[in-house]
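Below: the structure, in structure tokens.
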Amino acid sequence: MKQGSIYDKMTRSEKEVAKFLKNLGFFWSYEKPVYIWDESNRPRVWTPDFFLTQFSIYVEVCGSEDFDYEYRRITYKENGYNVIFLHLYKESEKWKEHFLQYITKISNYRNKKLGRIIMKSIIV
């Protein structure tokens, strides 16, 4: 039996993001499960759209105004996950700039943090 492409499961917006990530040379996995605790301290399994393996960052492609993305953002943050929310339905081209700014910001933060750790280990 022939297995279909992972792209067959994606929405139009997810395919657009996948193409953008591929053009940047980023490796990703699709709908990698994450385990979270919700506001009632119940365990849940969610599947953000993309996991960027080089950065350990998740990407959620927001496709509807009717979905409570703020609840998801807060819950992910409380559970220690870095998630970029891309609102393609609102920002047809701005989402790319938002994505690149976030990746740069988190990379700079991690590099500074690593630099401090290295400096402490040299001084000791």
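What pairs come up if the first residue lies in the range 27-41 and is of a type in the set (Ser, Thr, Tyr), the second is not in a loop (DSSP other than H, G, I, E, B), and their beta carbons are under 7 Å apart, counting only those six or more places apart or on different chains?
Ser29/Phe51; Tyr30/Ile6; Tyr30/Phe50; Tyr35/Pro43; Tyr35/Val45
Which of the residues spanning the range 44-57 are in contact with a strand residue (DSSP E or B) (Cβ under 6 Å, 6 or more places away or on another chain), of a type outside the set (A, V, I, L, M, F, W, C) and either open to solvent by 20 Å² or more (accessible area, probe 1.4 Å) or part of a helix (DSSP H, G or I) (or both)?
Arg44
Counting only residues that are among the hydroxyl-bearing types (Ser, Thr, Tyr) and at pLDDT 90 or above, which one in the range 72-101 is nearest to Asn23 (Cα to Cα)? Steps first, please.
Within the range 72-101, the first condition is being among the hydroxyl-bearing types (Ser, Thr, Tyr), and the residues that meet it are 75-76, 81, 89, 92.
Keeping just the survivors that are at pLDDT 90 or above gives 75-76, 81.
Numbers: Thr75: 30, Tyr76: 27, Tyr81: 25 Å.
So the residue we want is Tyr81.
Can you find, within the range 58-83, the residue that is most open to solvent (accessible area, probe 1.4 Å) among those that are over 17 Å from Thr11 (Cβ atoms) and β-branched (Val, Ile, Thr)?
Our first condition is that a residue be over 17 Å from Thr11 (Cβ atoms); within the range 58-83, this holds for 68, 70-71, 73-83.
Applying the additional criterion that residues be β-branched (Val, Ile, Thr) yields 74-75, 83.
Details: Ile74: 70, Thr75: 5, Val83: 17 Å².
In this case the residue turns out to be Ile74.
Could you list all residues from the range 18-30 that are out of contact with any helix residue (DSSP H, G or I) (no Cβ under 8 Å at 6 or more places or on another chain) and either open to solvent by less than 60 Å² (accessible area, probe 1.4 Å) or part of a loop (DSSP other than H, G, I, E, B) (or both)? Before you say what the answer is, go through the steps one by one.
Of the range 18-30, the ones out of contact with any helix residue (DSSP H, G or I) (no Cβ under 8 Å at 6 or more places or on another chain) are 19, 21-27, 29.
Once the filter is applied, which keeps residues that are out of contact with any helix residue (DSSP H, G or I) (no Cβ under 8 Å at 6 or more places or on another chain) and either open to solvent by less than 60 Å² (accessible area, probe 1.4 Å) or part of a loop (DSSP other than H, G, I, E, B) (or both), the range 18-30 yields Leu21, Gly25, Phe26, Phe27, Ser29.
The values are calculated or read from the model by the stated rules, or taken from the named source; none is laboratory data. This one's a predicted model, so the numbers in the text were calculated from it and none came from an experiment. Here Cβ is always computed from backbone atoms with ideal geometry, including for glycine, and neighbour counts include all displayed protein chains. Quick note on the areas: whole protein, heavy atoms, side chains included, nothing else; ligands and nucleic acids left out. Shrake-Rupley method; radii C 1.70, N 1.55, O 1.52, S 1.80 Å.
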